[in-house]
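The values are calculated or read from the model by the stated rules, or taken from the named source; none is laboratory data. Owing to the predicted nature of the structure, the values given are computational and were not obtained by experimental measurement. Note that we place each Cβ from the backbone using ideal geometry, even for glycine, and neighbour counts take in every protein chain shown. What goes into the accessible areas is simple: the full protein's heavy atoms, side chains included, and nothing from ligands, DNA or RNA. Shrake-Rupley method; radii C 1.70, N 1.55, O 1.52, S 1.80 Å.
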Amino acid sequence: MSTHRWLVLIGGIALIVVLFSLPKVVVDNDAIDTEIVDTAAPVEGTHSFSISEADQKRRDFLKNQLADADKEKSVIFADSLARLYLGYNQLDSASYFADVILEYDQSIVGQQKAGEIYFQLFGISLNQADLAKYANKAQVCFQKVIEEKEDPDTKAKLAMTMVISDNPMQGISMLREILDEYPDNTTALYSLGMLSIQSGQYDKAIGRFEKLMTIDATNQQAAFLLATSYFETGQRDKAKQWFENIKSTSTDPAILSSTDQYLKELNEF
């Protein structure tokens, strides 16, 4: 697949961009209209970005509530602020409020909330320094979570942050272990499917995504990657069928844009 097609999907399938910057590891088959200046916290600095009027009002409300809230409610408001900033790809601000969550709540609940935010930041980071920073922060949180409870989804996310390390096979082995114990775990299936694509093993990716779609037929990102894998293996009829289905059901602009490109090429063939 061309680099352009992957970059079009940054908004919807961000981790693929991350994965294509990795060494080729073989995986065996076993709205926005208002310009504002944000000064949410000292570490965030002062920077401008576009935000809808409704979200600006919501952000200001949440900040005011956070300033006066007790410990328990502070976590809720900080989590909401982090996710609001994530929606605008404001990494520093989202990370700041994830740090605030941990400041107020070191319990497993707090670790899970902060870890999920760091993991999303890891997924949308486009430089190696940020990748490593947010991967490490997510790892610390997720490790504490799985030490306290059995959570295959969290473990799979932990494994994905390990894939960018000097020993990516550690993360891949963890994903395999999860599927050995939880064969229908969609997080592990999706992750291994992406890794198969990253290493050019589209046949193996097809197996992962076909199974995932039998478990969760609504997963449009998995459907797109399955269609892409069919395309890359020359199974054009299957690819066209899946792309046409995606075009009629998906609402993700990035997925729809790339789907149109594929359908245009398939129809010209």
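Key figures for this structure:
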item	result
Answer from Thr186, Thr218, Thr214 - the residue that is buried (at least 18 other Cβ atoms within 10 Å of the Cβ) and among the β-branched types (Val, Ile, Thr)	Thr186
Matching entry among Ala94, Ala98, Ala132, Ala78 (being among the small types (Gly, Ala, Ser), modelled with pLDDT under 95 and open to solvent by less than 60 Å² (accessible area, probe 1.4 Å))	Ala132
Residues located in the range 101-152, provided they are β-branched (Val, Ile, Thr), under 16 Å from the mean Cα position of the chain (by Cα) and either more than 24 Å from Ser74 (Cβ to Cβ) or assigned to a loop (DSSP other than H, G, I, E, B) (or both)	Ile124
Of the criteria (1) surrounded by fewer than 23 Cβ atoms within 10 Å (Cβ to Cβ); (2) modelled with pLDDT under 95; (3) assigned to a helix (DSSP H, G or I), which one Gln241 fails	(2)
Residues satisfying the stated conditions in the range 109-125, i.e. open to solvent by less than 40 Å² (accessible area, probe 1.4 Å) and over 16 Å from Thr161 (Cα atoms)	Gly110
Criterion violated by Gln106 - all others in (1) out of contact with any Asp or Glu (no Cβ under 8 Å at 6 or more places or on another chain); (2) crowded, with 20+ Cβ neighbours inside 10 Å satisfied	(2)
Members of the range 122-144 found to be over 16 Å from Tyr85 (Cβ atoms) and touching an Asp or Glu at 6+ places or on another chain (Cβ under 9 Å), listed by number	Ala138, Cys141, Phe142
Count of the range 196-220 residues which are touching a helix residue (DSSP H, G or I) at 6+ places or on another chain (Cβ under 7 Å), assigned to a helix (DSSP H, G or I) and either closer than 17 Å to Leu256 by Cβ or among the charged types (D, E, K, R) (or both)	5
Any chance Ile206 is touching a Phe, Trp or Tyr at 6+ places or on another chain (Cβ under 9 Å) and at pLDDT below 95	no
Output for the range 178-221, where each listed residue is over 16 Å from Ala156 (Cβ atoms) and of a type in the set (Ser, Thr, Tyr)	Ser199, Tyr202, Thr214, Thr218
Residue tally, condition surrounded by 17 or more Cβ atoms within 10 Å (Cβ to Cβ) and not in a loop (DSSP other than H, G, I, E, B), over the range 244-255	3
Odd one out for Asp38 among (1) modelled with pLDDT of 80 or more; (2) open to solvent by less than 50 Å² (accessible area, probe 1.4 Å)	(1)
